[in-house]
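The values are calculated or read from the model by the stated rules, or taken from the named source; none is laboratory data. Since the model is a prediction, treat every value here as computed from it, not as a measurement. Cβ: placed from backbone, ideal geometry, glycine included. Neighbour counts: every protein chain shown.
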């Protein structure tokens, strides 16, 4: 069972999210919060498997709350999926850079939100298809040329292919079809990439890839 905390300042939104999440046999909502600080307090008390976090809330924003629950320095983070009506870069990147396991707009189909909750609970992550291209283009714009960095993991050629496809927002099934390999093999490669990069999930792997462009030139191994 996946325990979820919903943080949103609008009771009607919380009710709507609860209503369709609890149509799923494997998901239950165990707590609600109306502000960022309240979300942090409830999350630390109830220890949900996933927090659905709004961005703009009176008394404390969702980005600060995300950092408090899922920040890189935490030893026991709680997966946070940011869900908002505000399709603005500052929120998108603020959420991802502070450890969010996903980012969705509130007009996303319920199935996408359910998928994001399941992905976050399983240690993966999901960014809405509507904003994936913006993640890619913005990180590409922000990145600066770097010299070869000895700290960059020496991924295999196949792992590089998988990371490149991952960075384009492709699902495991799409990567498998693109590279003509089994989905199970893709999952194995993704797990290996996440482990070698020292990140938590596939979303943070995308962030890493665009912050460290040197990885693309650091491959000399043959396909396994």
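Structure values in brief
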| read-out | value |
| --- | --- |
| The stretch 60-83: number of residues that are farther than 21 Å from residue 3 by Cβ and touching a helix residue (DSSP H, G or I) at 6+ places or on another chain (Cβ under 6 Å) | 4 |
| Residue in the stretch 8-20 that is touching a helix residue (DSSP H, G or I) at 6+ places or on another chain (Cβ under 8 Å) and closer than 24 Å to residue 202 by Cα present | no |
| Residues satisfying the stated conditions in the stretch 169-187, i.e. crowded, with 16+ Cβ neighbours inside 10 Å and either in a helix (DSSP H, G or I) or under 18 Å from the mean Cα position of the chain (by Cα) (or both) | 169, 170, 171, 172, 175, 176, 179, 185, 186 |
| Helices (runs of 4 or more DSSP H) fully within the stretch 48-126 counting 1 or more residues that are surrounded by 20 or more Cβ atoms within 10 Å (Cβ to Cβ) and at pLDDT 90 or above | 62-70, 110-121 |
| Of all residues making up the stretch 27-47, the number that are under 20 Å from the mean Cα position of the chain (by Cα) and assigned to a loop (DSSP other than H, G, I, E, B) | 1 |
| Residue satisfying all of: in the stretch 22-34; in contact (Cβ under 8 Å) with a residue 40 or more places away in the chain and touching a helix residue (DSSP H, G or I) at 6+ places or on another chain (Cβ under 7 Å); surrounded by the most Cβ atoms within 10 Å (Cβ to Cβ) among these | 27 |
